[in-house]
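One structure is given below, encoded as structure tokens.
The values are calculated or read from the model by the stated rules, or taken from the named source; none is laboratory data. For clarity, every value in this text was computed on a predicted model and none was experimentally measured. Note that each Cβ is placed from the backbone with ideal geometry, even for glycine, and that neighbours are counted across all protein chains shown.
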Amino acid sequence: MNEKIGNLTLNYKHYSGVDLYSDGEVEDELLGIVKNHEEKEYNKIIARSNKWAIMYHLSHLRANIVEWLPITKQDTILEIGSGCGAITGTLASKAKKVTCIELSEKRSLINAYRNKEKDNIEIWLGNFEESEKDIVEKYDYITLIGVFEYGEKYISTEKPYENFLTIIGKHLNENGKIIIAIENKLGLKYWAGCQEDHVGKYFEGIEDYPITNGVKTFSKKELEEIIKNSGFFNYKFYYPYPDYKLPTTIYSDKYLPKKGELNNNMRNFDRERIITFDETRVYDMIIKENLFPIYSNSYLVVLEKGRN
């Protein structure tokens with residue numbers, strides 16, 4: 001069963017009828033906003049609302065994580081976990097076609113209404129593990145923006161993270177790329193007193209998730225091991241700052257931050273925090289010791305088929 005909202009198509013074939021992931025009542029508010037307001041009004045709405053969820057889902061800064069990628073109008077994209085469409089519109093503006101897979105009907109409707117003018121987006125509702133069986137197309141880019149950390153919750157195998165990437169790899173074109181954006185469990189903000197982003201506990205990630213199931217993030221070393229075990233040996237790490245959610249700068253191994261640059265560190269809008277030390281000073285020490293890639297708050301990883 002398909003539904004059209006403007007020029008955009010919703011595909012319900014694999015939808016179970018139950019939304020398995022939600023931010024709660026604020027999603028009704030988000031749906032009302034995107035139905036009744038244009039994108040150019042979002043920043044004023046964010047400022048008035050003073051709600052993290054409104055900012056997170058509607059801020060134009062979200063798109064910075066993919067805006068710089070060399071996507072062209074010849075490229076097709078599979079966006080896994082498209083959520084409320086914070087990234088979808090930017091991808092569609094750059095690419096020939098975007099196919100989204102999303103668990104939640106409410107989030108898919110928010111995405112659809114905010115991008116209803118675009119005719120190159122199709123949203124498949126349902127769990128990736130079920131929807132994937134019907135994917136016949138090969139894509140130039142497959143994105144996992146804030147999604148990979150939930151692999152063990154939705155991929156029912158003994159090695160869900162490795163298997164997630166292996167399965168995705170089957171749907172890439174010969175020169176296709178996988179884009180992963182994820183928090184670093186050793187990110188400096190967690191040592192400095194921010195709660196872990198997914199479970200809201202202090203030091204949960206840096207203690208290696210002793211009481212958490214269903215979601216986890218990884219260190220750079222762990223991510224590299226997962227990537228290699230999945231058969232990808234051609235990959236590059238990038239370092240979004242302050243994090244991948246609302247990035248203002250994306251560093252690379254060719255251009256790492258310099259002393260004094262990382263001074264915008266009190267941007268935890270969603271949870272209370274404590275302050276254990278001056279992050280800017282510690283960043284300066286880390287930069288001096290060439291350790292920034294280990295303690296970056298987030299990672300953006302670009303994977304390609306084949307070897308370096």
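Here is how the numbers come out for the structure above:
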{"quantity": "First in segment 1-28 and touching a residue at least 60 places away in the same chain (Cβ under 8 Å) and among the charged types (D, E, K, R), second anywhere and surrounded by 13 or more Cβ atoms within 10 Å (Cβ to Cβ) and not in a loop (DSSP other than H, G, I, E, B), Cβ under 7 Å, 6 or more apart", "calculated": "19/105; 19/106; 27/106; 27/107; 27/110"}
{"quantity": "Qualifying residue in segment 40-58 (condition: assigned to a helix (DSSP H, G or I), closer than 23 Å to residue 134 by Cα and at pLDDT 95 or above)", "calculated": "no"}
{"quantity": "Total residues in segment 128-164, condition more than 18 Å from residue 76 (Cβ to Cβ) and touching a strand residue (DSSP E or B) at 6+ places or on another chain (Cβ under 7 Å)", "calculated": "5"}
{"quantity": "Checklist (1) in contact with a helix residue (DSSP H, G or I) (Cβ under 9 Å, 6 or more places away or on another chain); (2) surrounded by fewer than 23 Cβ atoms within 10 Å (Cβ to Cβ) applied to residue 76, failing item", "calculated": "(1)"}
{"quantity": "Counted residues, segment 35-65 - those being under 15 Å from residue 146 (Cβ atoms) and among the polar types (S, T, N, Q)", "calculated": "2"}
{"quantity": "Members of segment 216-260 found to be over 26 Å from residue 201 (Cβ atoms) and among the basic types (Lys, Arg), listed by number", "calculated": "228, 236, 254, 258, 259"}
{"quantity": "Flag for residue 168 being within 20 Å of residue 81 (Cα to Cα), in contact (Cβ under 8 Å) with a residue 40 or more places away in the chain and not in a loop (DSSP other than H, G, I, E, B)", "calculated": "yes"}
{"quantity": "Wholly within segment 83-158, helices (runs of 4 or more DSSP H) carrying at least 1 residues that are touching a Pro at 6+ places or on another chain (Cβ under 8 Å), more than 21 Å from residue 31 (Cα to Cα) and in contact (Cβ under 8 Å) with a residue 24 or more places away in the chain", "calculated": "151-154"}
{"quantity": "Leading residue by the ranking (surrounded by the most Cβ atoms within 10 Å (Cβ to Cβ)) among those in segment 294-308 that are in a loop (DSSP other than H, G, I, E, B), at pLDDT below 95 and on the phi < 0 side of the Ramachandran plot", "calculated": "305"}
{"quantity": "Residue count, segment 9-50 (criterion: touching a Lys or Arg at 6+ places or on another chain (Cβ under 6 Å) and either closer than 15 Å to residue 115 by Cβ or among the aromatic types (Phe, Trp, Tyr) (or both))", "calculated": "1"}
{"quantity": "Residue that is surrounded by the most Cβ atoms within 10 Å (Cβ to Cβ) [pool: residues in segment 105-143 that are of a type in the set (Gly, Ala, Ser) and touching a Phe, Trp or Tyr at 6+ places or on another chain (Cβ under 6 Å)]", "calculated": "126"}
{"quantity": "Positions within segment 169-187 being closer than 27 Å to residue 241 by Cα and of a type in the set (A, V, I, L, M, F, W, C), in sequence order", "calculated": "178, 179, 180, 181, 182, 186"}
{"quantity": "Residue match in segment 18-33 (condition: modelled with pLDDT of 95 or more, of a type in the set (S, T, N, Q), surrounded by fewer than 20 Cβ atoms within 10 Å (Cβ to Cβ) and part of a loop (DSSP other than H, G, I, E, B))", "calculated": "no"}
